[in-house]
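Novice: Below is one structure. I have some questions about it.
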């Protein structure tokens with residue numbers, strides 16, 4: 001009898017294991033930094049082509065403006081997510097209230113590179129650095145974030 005239970009347990013674990021792994025999302029790295037508009041320019045744009053993405057996804061809080069503070073993000077997802085929500089919360093100097101920027105983007109299975117930028121009048125000046133920040137990825141079908149990374153000061157009460 002106990003051998004049957006053990007076999008049944010192993011069978012259930014084996015069947016559920018791919019389902020548990022399929023929902024795995026990992027933030028590999030987040031590199032925050034200021035970027036000028038010129039750093040995005042390409043030779044193709046001089047000949048009338050649009051901005052090249054080079055396989056990366058670009059999200060800007062004010063889409064025509066390129067200059068601003070970006071969070072270059074590498075994320076790994078075990079499965080594709082049709083409409084993942086990217087939520088960036090930033091606390092600027094002189095404020096205690098975070099500014100929240102939300103974007104919806106598809107995530108492919110595997111590694112995705114995103115540039116999440118606070119641009120235009122949303123970012124005050126090139127010299128300004130965020131006091132604290134938190135970047136999270138959400139699946140609309142799940143209540144908890146799929147992945148989250150934050151600065152040290154975000155976690156400090």
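The values are calculated or read from the model by the stated rules, or taken from the named source; none is laboratory data. Worth saying up front: this structure is predicted, and the values here are computed from it rather than measured. Reconstructed Cβ throughout: ideal geometry from the backbone, glycine too, with neighbour counts over all protein chains shown.
Novice: Give the residue that is surrounded by the fewest Cβ atoms within 10 Å (Cβ to Cβ), with candidates limited to residues of the range 41-62 that are in contact (Cβ under 8 Å) with a residue 40 or more places away in the chain and at negative phi. I'd like the intermediate steps shown before the answer.
Specialist: Within the range 41-62, the subset in contact (Cβ under 8 Å) with a residue 40 or more places away in the chain is 55-62.
Subset that is at negative phi: 56-62.
Details: 56: 13, 57: 18, 58: 19, 59: 20, 60: 21, 61: 21, 62: 16.
For the range 41-62, the residue satisfying everything is 56.
Novice: Turning to a different aspect of this structure: Can you pull out every residue in the range 84-100 that is in a strand (DSSP E or B) and surrounded by 12 or more Cβ atoms within 10 Å (Cβ to Cβ)?
Specialist: Of the residues in the range 84-100, the ones in a strand (DSSP E or B) are 84-91, 99-100.
Those that are in a strand (DSSP E or B) and surrounded by 12 or more Cβ atoms within 10 Å (Cβ to Cβ): 84, 85, 86, 87, 88, 89, 90, 91, 99.
Novice: Tell me, please, whether a residue that is surrounded by 12 or more Cβ atoms within 10 Å (Cβ to Cβ) and over 13 Å from the mean Cα position of the chain (by Cα) can be found in the range 104-113.
Specialist: yes
Novice: Would you tally the residues in the range 55-73 being more than 12 Å from residue 123 (Cα to Cα) and either modelled with pLDDT of 95 or more or in a strand (DSSP E or B) (or both)?
Specialist: Going through the range 55-73 one residue at a time, the tally reaches 6.
Table: residues versus (1) in a helix (DSSP H, G or I); (2) more than 13 Å from residue 32 (Cβ to Cβ); (3) in contact with a strand residue (DSSP E or B) (Cβ under 6 Å, 6 or more places away or on another chain).
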| position | (1), (2), (3) |
| --- | --- |
| 75 | no, yes, yes |
| 102 | no, yes, yes |
| 113 | no, yes, yes |
| 128 | no, no, no |
| 153 | yes, no, yes |
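Novice: Kindly indicate whether residue 5 is in a loop (DSSP other than H, G, I, E, B) and modelled with pLDDT under 95. Before you say what the answer is, go through the steps one by one.
Specialist: Values: in a loop (DSSP other than H, G, I, E, B): no; modelled with pLDDT under 95: yes.
For residue 5, the condition - in a loop (DSSP other than H, G, I, E, B) and modelled with pLDDT under 95 - is not met.
Novice: Working carefully through the options 32, 52, find the one that is over 30 Å from residue 144 (Cβ atoms) and either modelled with pLDDT of 80 or more or part of a loop (DSSP other than H, G, I, E, B) (or both).
Specialist: Numbers: 32 fails: over 30 Å from residue 144 (Cβ atoms).
Result: 52 is the single residue among 32, 52 that is over 30 Å from residue 144 (Cβ atoms) and either modelled with pLDDT of 80 or more or part of a loop (DSSP other than H, G, I, E, B) (or both).
Novice: Can you confirm whether the range 109-128 contains a residue that is over 24 Å from residue 56 (Cβ atoms) and in contact with a helix residue (DSSP H, G or I) (Cβ under 6 Å, 6 or more places away or on another chain)?
Specialist: Checked against the condition, which is being over 24 Å from residue 56 (Cβ atoms) and in contact with a helix residue (DSSP H, G or I) (Cβ under 6 Å, 6 or more places away or on another chain), the range 109-128 yields no hits at all.
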